[in-house]
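Structure record follows, encoded as structure tokens.
The values are calculated or read from the model by the stated rules, or taken from the named source; none is laboratory data. All figures in this text were calculated on a predicted structure; none of them were measured in a lab. Because the Cβ atoms are built from the backbone with ideal geometry, glycine has one as well, and the counts that use them run over all protein chains shown. Each accessible area value is taken on the protein alone, full model and side chains, heavy atoms only, with ligands, DNA and RNA left out. Shrake-Rupley method; radii C 1.70, N 1.55, O 1.52, S 1.80 Å.
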Amino acid sequence: MLFMKSTFIQTKQTLRPRITVAGSSATNMVIRAHHHPVPGGMVMGDQFFTTPGGKGANQAVTAARLGAAVTFLSRIGNDLFGRQAIQQLMEEGINTDFILSDQRLASGVAFVTVDADARSSMTIAPGANSAFSPEELLPAAAQIGQSDYLLLQMDIPEETVLQAAKIAAGRHVPVMLDPAPAYACSEELLQYVTVFTPNRAAASQLSGIAVTSMESAVEAAEIICRKGVKAVVMTLGEQGALALHGDQLHVIPPVPVEAVDTTAAGDVFNAALAVALAEQKNLREAAVFAAKAAAIAVTRWGAQAAAPYRREMEKKIF
Ligand code: ATP
């Protein structure tokens, strides 16, 4: 199968996919407010809370909650936030053996505002995430090679993302890349990507087509596919998603829910998509599964805190 390692069926792990995530960890400081501040402006919020985040860590936690055996590769500061982050990852049953401790830089931090329409905006101080170097992945090469999927995002240095993708591709491990924050990935990197998962902003940036409708989303996905990725699964926020592989196009309808906080919706979507593909669901089925997981997440506050557990995926949610 295109989206699977050919050895997968022969392993004893068929019931528990093995997912490796290389990416960021951060502590989110969240304020709920009626609307977002404009430049130079100030808004009064109501509640404040601190919650674990970072795109990589969000995806790792989601994959673990959905039943995967997860290894997380990251660089985290030797400080209170960093120690808390590692403790939380361990409590989720995630393998943290390859997490590097940065003695100089602080752990990643994000200031998040969530408005009355559940939309989040974020300012990130990447700290140790920005020092995660390509060489530091080498001790984890064998671990990556034993995975059913490698998940990557763009909030660690691009050369490190590229190195991880090369290690995986060289070992026939499929790579899922979420090009977030919206970022024009190099053509070289795209050659190693099996499933590419841009949101509307990233798809617009990469294709040169403003994604404002389903038609423009399909057009953008076709352009991106021609850049070398095997499949595109584009997330469209409250509009759902679309999946394009060759000439097969699947429109994934949104799951109607009452959203309160859309922070990490894309991360939950990505991790669920990878888990489902690793369990040999086809691309459409996997995207439907991912949309349901993300819909559950947007009904709850927080990033990792909002990620659904596998048992919740069996229930009807609307
Ligand atoms: P983030 O950066 O916050 O992680 P994103 O911009 O990468 O998010 P989106 O496209 O906003 O990702 O959302 C990802 C997926 O989450 C969508 O494809 C959809 O399945 C689901 N989703 C997002 N918002 C809603 C909503 N309001 N109702 C239902 N599902 C939603």
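Taking Cα centre as origin and charging only the Cβ of basic (Lys, Arg, +1) and acidic (Asp, Glu, -1) residues, the dipole magnitude of the chain rounds to 760 debye. Loop-located trypsin sites (Lys or Arg not before Pro) in the range 69-149 (DSSP state other than H, G, I, E, B) with a sparse environment of at most 11 neighbouring Cβ atoms within 10 Å: 104. Straight-line reach from residue 166: which aspartates and glutamates have a Cα under 19 Å away, not including same-chain ones fewer than 8 places off? In chain and number order, the partners are 135, 136, 148, 155, 158, 178, 187, 188. Just to be sure I understand the curve: with the Debye formula and one point per C-alpha of the range 117-156, what is log10 I(q)/I(0) at q = 0.23, 0.31, 0.32, 0.33 Å⁻¹? Each listed q maps to, in turn, -0.90, -1.14, -1.15, -1.16.
With the full set of protein chains in place, find how many percent of the accessible area of the chain is carbon and sulfur; take the probe as 1.4 Å. In the chain, the share of accessible area belonging to carbon and sulfur is 55 percent. Averaging Cα coordinates gives a centre for the range 35-50 and one for the range 148-216; these two points are 31 Å apart. Taking amide H as placed 1.01 Å from N in the peptide plane, residue 180 has its amide H under 5 Å from the amide H of 154, each at least 5 places away in sequence or on another chain.
The helix-based estimate of mean residue ellipticity at 222 nm for the chain, built from -39,500 (n - 2.57) per DSSP H run of four or more residues and divided by its residue count, is -9000 deg cm²/dmol to the nearest 500. Over all projection directions, the Cα-based convex hull of the range 28-186 averages an area of 10.5 nm². Among 67, 208, 145, the residue with the largest mean-square fluctuation in a Gaussian network model of the chain, with springs joining Cα atoms closer than 10 Å, is 208. Calculated on the Cα set of the range 177-256, radius of gyration then Dmax: 11.3, 38 Å.
Computed from backbone phi, the HN-Hα couplings of the range 236-244 come to 10, x, 5, 8, x, 7, 9, 10, 10 Hz, rounded to whole numbers (Karplus: 6.51 cos²θ - 1.76 cosθ + 1.60, θ = phi - 60°; Gly and Pro given as x).
At a Förster distance of 51 Å, what's the computed FRET efficiency of residue 223 paired with residue 314, Cβ-Cβ distance as r, to 0.05?
Details: r = 37 Å, r/R0 = 0.73.
It comes to 0.85.
Within the listed set 256, 126, 37, the residue fluctuating most in the Gaussian network model of the chain (springs between alpha-carbon atoms under 10 angstrom) is 37. Considering only 177, 108, 213, and ranking their Cα positions along the charge dipole of the chain that arises from unit charges at the beta-carbon of Lys, Arg, Asp and Glu, the one farthest toward the positive end is 177.
May I ask you to compute the full-extension gain from residue 116 to residue 44, defined as 0.36 nm times their residue separation minus their alpha-carbon distance, rounded to one decimal in nm? Before the final figure, lay out each step's value.
On the way: separation 72, 0.36 × 72 = 25.92 nm, distance 1.26 nm.
Extending this stretch completely gives an extra 24.7 nm.
Under a Gaussian network description of the chain, with springs only between Cα atoms under 10 Å, the residue in 122, 42, 214 that fluctuates furthest is 42.
Counting lysine pairs in the range 193-318 that sit 8 or more residues apart in sequence, or on different chains, and whose Cα atoms lie under 26 Å apart gives 8.
Antiparallel beta bridges, as assigned by DSSP with both residues in the range 64-133, represent about 60 percent of the total such bridges. Given the chain, what percent of its DSSP beta bridges are antiparallel, to the nearest 5? DSSP beta bridges in the chain are roughly 45 percent antiparallel. The antiparallel fraction among DSSP beta bridges confined to the range 1-154 stands at about 40%.
Protection proxy ranking for 15-24, 164-173, using the average of other Cβ atoms within 10 Å per residue and placing the highest first: 15-24, 164-173. Site-free segments of the chain were taken between GluC sites (Glu not before Pro) in DSSP loops having at most 10 other Cβ atoms within 10 Å, sites themselves excluded; the longest one is 1-257. What does the C-alpha gyration tensor say about the overall shape of the chain? Classify as rounded when a/c is under 1.5, otherwise prolate if a/b is larger than b/c, or oblate. It comes out rounded by the Cα gyration axes. The length gained on full extension between residue 34 and residue 247, counted as 0.36 nm times the residue separation minus their Cα-Cα distance, comes to 72.4 nm.
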